[in-house]
Amino acid sequence: MTTATAEMKENTEANSKWLDAHYDPVANLYTFSPCITLADLQGDGENKLVVGDLGTGVCNMKLKVYRGTSLMSENTLLDLPTGLVSFLMDQHEPRTPAIAVASGPFIYIYKNLRPYFKFTLPTLDVNPLEQEVWSQAKEDMIDLMSLKEMLEGIRDKAEIPLSVRSLKFLMLDPQEMEAFVNVHKQQPIRRQTVITCVGTLKKNMADEDAVSCLVIGTESMDVYILDPEAFTILCKMSLPSVPTLMDVTGQFDVEFRITVACRNGNIYILRRDSPRPKYCIELTSHPVGLVRVGKNVVVGCAQETLQGYTQKGKKLWTAYLPAPVTAMGLMDHHTRGFQAVLVGLANCEVHMYREKNLVSIIKTPDVVTSICFGRYGREDGTLIMTTKGGGLMVKILKRTAVFEDRDTAPGPPLAQSIRLNVPKKTKLYVDQTMRERENAVAMHRAFQMDLSRLRLAVARAYVKALESSLTPMSASLTEPLKMNAVVQGLGPSFKLTLNIQNTAACRPVMNLAVSFLYDETLYSMKNAFFKIPLLVPGLNYPIDTFVECLTDKGISDIIKVFVLREGKSAPLLTAHINMPVSEGLALT
Amino acid sequence: MEVPMDPLFLAWSYFRRRKFQKCSELCSKILEDSPYDQETDTPSVISEAAWSLKTRTLTEMVYIDEVDVDQEGIAEMMLDESSIAQVARPGTSLRLPGTSQGGGPTPAVRPMTQSGRPITGFVRPSTQSGRPGTMEQAIKTPRTAHTARPVTSASGRFVRLGTASMLTNPEGPFINLSRLNLAKYAQKPNLSKTLFEYIFHHENDVKNALDLAALATEHAQFKDWWWKVQLGKCYYRLGLLREAEKQFRSALNHQEIVDTYLYLAKVYQRLDQPITALNLFKQGLDHFPGEVTLLTGIARIHEEMNNITSATEYYKDVLKQDNTHVEAIACIGSNHFYTDQPEIALRFYRRLLQMGVYNCQLYNNLGLCCFYAQQYDMTLSSFERALSLVANDEELADVWYNLGHVAVGIGDLGLAYQCFKLALANNNDHAEAYNNLAVLELRKGRIEQAKAFLQTASSLAPHMYEPHFNFSTLSDTVGDLQSSYMAAQKSEDAFPEHVDTQQILKNLRQHFAVL
């Protein structure tokens, strides 16, 4: 009862802040935070939701636009989107933003939801050796095997990695190689990189509706800034690792900062006029989410922590989360001047942090994979979330909602005040200890005598078991084996599975055979003696055989299994299988 | 001169002295002299009596109390169509025992059976192996001759009993059921009841029994509670639980009988409605205050629902009524043993001994209780006696296993090693022994062997958390973090509250997250 009321209280608390505007658990929307944005695409003052849908990851990639609760348009994408931003390209009226979708080495620009332009990343240098090898292949001066060997050599040693074509070639089976070379040898080799993240940067004005440049992070560890109108590269910067998450602030012509979380677990901060990173934050674990709040950077780490840093990379605080982070987003409410970080967690909760204080928790019906807060339709404080199961959730911040700055994390755990149930020592126990104290010597002697007798009895039984190899594991040093048997089936035919394992450290065991001993009036077996293959140490060898039960009288018996060594009459080990009673009747 | 006794009287006397074989032979002789023709309308009174007596004799030979014998078969469990809510509310279902609600000991202290219930002090049909999770597990569980779970409860034990009685009568069955005119017999109340029991228990032909019962209850104008109970029994056997419930309820309206309450409670337990069954038992106790079988029924349900404390309360109530109730004494004793009061458990087991229970298991328990209550002088002699009373290999394995524990307790690891190995030699499927042996091997530094044993233990008994946890720590020390994590997860499934597992999982997660 107490938990139920507590839960209800929590629910009402969350309800007092958010209105449930829309929840469609089967919206079929699979995406993550970089691929979701809000933009006024038609210039009618109503913001639409633009989503790069990942589909199944192989097909059904779509660019979807939602208006209100319904799907407004759908464009098919050729490849998986890795990022999606909306930005203003030019000063023309009406001021409708364009959508840029990054996928593979391309950026597709959509205007008015129609394809407008395709930008391709510059190709990278090709290894001259590789070039040489392929040109030889083109003139049929090299056979396939040596081509393969040369390419493998380049792959292992050279500084410039191989092109996709060569890598694909090395993966092929020998019989497929020739066809592959014949198809591709005529084309020139190209090496292309792919886009990992994308962001926008205002060109020369800080206004809301100013023209913005695109900022692109690539797999080749570079960051490019593109001109918004001509799509030429304005600036190129390189990083020590591959960027995965990006946040951009400032103006290109004045001063800017690009905060990039990289695959090596470091966060780099790039500034204007320096082709190399200015500051570096070394994290203790991989970053999974990056949000900038004002001048600070908040990073969600794989270690289930949330960490705050200054612009210059000084650590401010760490908050510990109850579950791994699945999504992060910034909640920036302009009209109220309220900023917070929304963190979606794997335990179906979304936590709202203001600095290091947890100010609110939203419970969701599924794990949230992307979070976007902003103006949707005509409503300023709208929170949009998509879930792991493909659901779409829209919540609206109530006008009356107040967030206290105090930390709502609970105080000392309840368990502290629970008393442990330690049973009391009974009077009987006290009496027995008295007896023990008084007769200590006699008890000790009796015990010691019994113990020696027991040791003798155990040793006798043990020797007997060893001599007749009754145990299911062998004690010999040369063939340390272990066996257990499982019976399956309802009868009259049963399947016996013998799991044999060589428990030696590194020596294989050979020349073994298995034989069975059973009552021939009750059971029949096709082959009651067979050899077993070489046993590699550490692996479990399941060996199946079938037994037919011959009786319908509801009687069962034991079947003995022996593992034998060639040339030795005594078995190495024995297992007894208690056969189940046959439930079915044998066909006669 | 010897005056021969009236043969029918002699047969009756044999019957009362439970010399069924002789009674049956004598009846056969009487029937040979004056055959009781099933077709004629006016048979003699003597032959009719002899015929009736013989049916009773044959029934008594194979009679098992219907109240106690019940084991759900594989088919009933796995192919259950009537289950509606897969996840029942905690405390309302027998299928999902959940974690101990009554504040009983954790699995770290009291071992679990496969069904996720603590081990009980008294083996009953339903405590043997519990409900397997998957079909494969159901078929794979060691279905040996004494722990076998039948395929369905309609076949299984009853068919076996039926065939066993066929074996004793090589010339064929005593009554040819197919030639029987059931309608005629249903009109003779003095014959029909014995005939019904014969068909139900001896021939195990539920369909004909049901026909006879239906005709007879019609003849009694639906006013005889006995026939209604029999109808209910037939329906229960056929799996028509709701019909059975109706019959038993109607029988209770005619006459309050303890047996009817027990049958009805059985129906509710099969329907997985333990709370209704408990209410029914309490209702029964209003009419029959202090009835031992009803109290035991309540205690059993509490025990199956993992509410050990209230189960123990009810077992104590049972003992107040009947202080020689073996099940109650054994259950209270084992509860005391597992709640860290072995000296009291010792008292209870000694009481059993005084009552004349004299078997291997009891001495086994006595030995363990003595050891943990620090009465060392009697420990080993109890085990010695247990060894001498062993009836089969499995009991022997259990004694060796417990001796291994004692050896671990006194620090003689060599002896412990030998004992665990002997346990395995006698019972190849002793997962606990495999686990302990693995720990000993690990102490000797033989990692490969330890690994193999732990894998075997966890495949033999996936419900035990110990092998998974040990495998996890072993892999962790070797550096195989992935296997360690997987094993730790299995351990967590088996015992979610285990602190050490949680600790190792936490460490591993940290390992995986750190750069």
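Numbers at a glance
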| quantity | calculated |
| --- | --- |
| Neighbours by Cβ (under 8 Å, 6+ apart or cross-chain): first from the range A:461-477, in contact (Cβ under 8 Å) with a residue 40 or more places away in the chain; second hydroxyl-bearing (Ser, Thr, Tyr) and buried (at least 16 other Cβ atoms within 10 Å of the Cβ) | A:468/A:574; A:469/A:574; A:470/A:574; A:471/A:574; A:472/A:574; A:473/A:503 |
| Check on residue A:442, within 27 Å of residue A:568 (Cβ to Cβ), within 8 Å of chain B (Cβ to nearest Cβ) and modelled with pLDDT of 90 or more | no |
| Filter result for residue A:490 (over 38 Å from the mean Cα position of the chain (by Cα), facing another protein chain (nearest Cβ under 8 Å), in a loop (DSSP other than H, G, I, E, B) and over 21 Å from residue B:396 (Cα atoms)) | yes |
| Those residues of the range B:457-515 which are within 12 Å of chain A (Cβ to nearest Cβ), of a type in the set (A, V, I, L, M, F, W, C) and closer than 25 Å to residue A:487 by Cβ, in sequence order | B:457, B:460, B:461 |
| Of all residues in the range A:232-269 being closer than 26 Å to residue A:90 by Cβ and β-branched (Val, Ile, Thr), the one that is farthest from the other protein chains (Cβ to nearest Cβ) | A:232 |
| Residue selected from the range B:274-292 under the condition buried (at least 18 other Cβ atoms within 10 Å of the Cβ) and not aliphatic (A, V, I, L, M), by the criterion modelled with the lowest pLDDT | B:274 |
| Where residue B:289 falls short, out of the listed (1) part of a loop (DSSP other than H, G, I, E, B); (2) closer than 30 Å to residue B:357 by Cβ; (3) touching a residue at least 60 places away in the same chain (Cβ under 8 Å); (4) not small (Gly, Ala, Ser) | (3) |
| Criterion (under 21 Å from residue B:429 (Cβ atoms), out of contact with any Phe, Trp or Tyr (no Cβ under 8 Å at 6 or more places or on another chain) and surrounded by fewer than 20 Cβ atoms within 10 Å (Cβ to Cβ)) met by exactly one of A:555, A:577 | A:555 |
| Residues that are crowded, with 20+ Cβ neighbours inside 10 Å, farther than 14 Å from residue B:265 by Cα and not aromatic (Phe, Trp, Tyr), drawn from the range B:225-250 | B:228, B:230, B:231, B:234 |
| Cross-chain or 6+ apart pairs with Cβ under 9 Å, the range B:323-344 first and within 12 Å of another protein chain (Cβ to nearest Cβ), then acidic (Asp, Glu) | B:336/B:343; B:343/A:431 |
| Spans of strands (runs of 3 or more DSSP E) in the range A:260-320 with at least 3 residues in contact (Cβ under 8 Å) with a residue 40 or more places away in the chain | A:266-271, A:287-293, A:296-301, A:305-309 |
| Test set (1) at positive phi; (2) out of contact with any Phe, Trp or Tyr (no Cβ under 6 Å at 6 or more places or on another chain) - residue A:250 fails condition number | (2) |
| Of residues in the range A:498-545 being among the acidic types (Asp, Glu) and within 14 Å of chain B (Cβ to nearest Cβ), the one nearest to residue A:566 (Cα to Cα) | A:544 |
| Residues (crowded, with 17+ Cβ neighbours inside 10 Å and not β-branched (Val, Ile, Thr)) located in the range A:314-331 | A:319, A:321, A:324, A:327, A:328, A:329, A:330, A:331 |
| Residues within the range A:474-485 that are modelled with pLDDT of 80 or more and within 9 Å of chain B (Cβ to nearest Cβ), tallied | 5 |
| The listed residue being within 14 Å of chain B (Cβ to nearest Cβ), of a type in the set (D, E, K, R) and surrounded by fewer than 18 Cβ atoms within 10 Å (Cβ to Cβ), out of A:282, A:304, A:229 | A:282 |
| Every residue from the range A:342-358 that is part of a loop (DSSP other than H, G, I, E, B) and hydrophobic (A, V, I, L, M, F, W, C) | A:346, A:348 |
| Conditions (1) surrounded by fewer than 14 Cβ atoms within 10 Å (Cβ to Cβ); (2) of a type in the set (Ser, Thr, Tyr); (3) at pLDDT 90 or above: number failed by residue A:82 | (1) |
| Qualifying position, being among the β-branched types (Val, Ile, Thr) and more than 9 Å from chain A (Cβ to nearest Cβ), among B:399, B:406 | B:399 |
| Residue count for the range A:79-95, restricted to those that are part of a loop (DSSP other than H, G, I, E, B) and touching a strand residue (DSSP E or B) at 6+ places or on another chain (Cβ under 7 Å) | 6 |
| Test: residue in the range B:370-385 that is without any contact (Cβ under 8 Å) to a residue 40 or more places away in the chain and over 26 Å from residue A:429 (Cβ atoms) | no |
| So residue B:389, is it away from every other protein chain (no Cβ under 12 Å), surrounded by fewer than 18 Cβ atoms within 10 Å (Cβ to Cβ) and more than 22 Å from residue A:428 (Cβ to Cβ) | yes |
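Yes/no matrix, rows are residues, columns are (1) of a type outside the set (Val, Ile, Thr); (2) touching a residue at least 24 places away in the same chain (Cβ under 8 Å); (3) under 22 Å from residue B:337 (Cα atoms); (4) outside any helix (DSSP H, G or I):
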site: B:266; (1), (2), (3), (4): yes, yes, no, no
site: B:272; (1), (2), (3), (4): yes, yes, no, yes
site: B:275; (1), (2), (3), (4): no, yes, no, no
site: B:279; (1), (2), (3), (4): yes, no, no, no
site: B:284; (1), (2), (3), (4): yes, yes, no, no
site: B:294; (1), (2), (3), (4): yes, yes, no, no
site: B:299; (1), (2), (3), (4): yes, yes, yes, no
site: B:306; (1), (2), (3), (4): yes, yes, yes, yes
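Rundown of residues vs (1) in contact with a strand residue (DSSP E or B) (Cβ under 8 Å, 6 or more places away or on another chain); (2) within 11 Å of another protein chain (Cβ to nearest Cβ); (3) hydroxyl-bearing (Ser, Thr, Tyr); (4) not in a helix (DSSP H, G or I), yes/no style:
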| residue | (1), (2), (3), (4) |
| --- | --- |
| B:363 | no, no, yes, no |
| B:367 | no, yes, no, no |
| B:370 | no, yes, no, no |
| B:379 | no, yes, yes, no |
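The values are calculated or read from the model by the stated rules, or taken from the named source; none is laboratory data. The model shown is predicted, which means the values in this text are computed figures rather than measured ones. Reconstructed Cβ throughout: ideal geometry from the backbone, glycine too, with neighbour counts over all protein chains shown.
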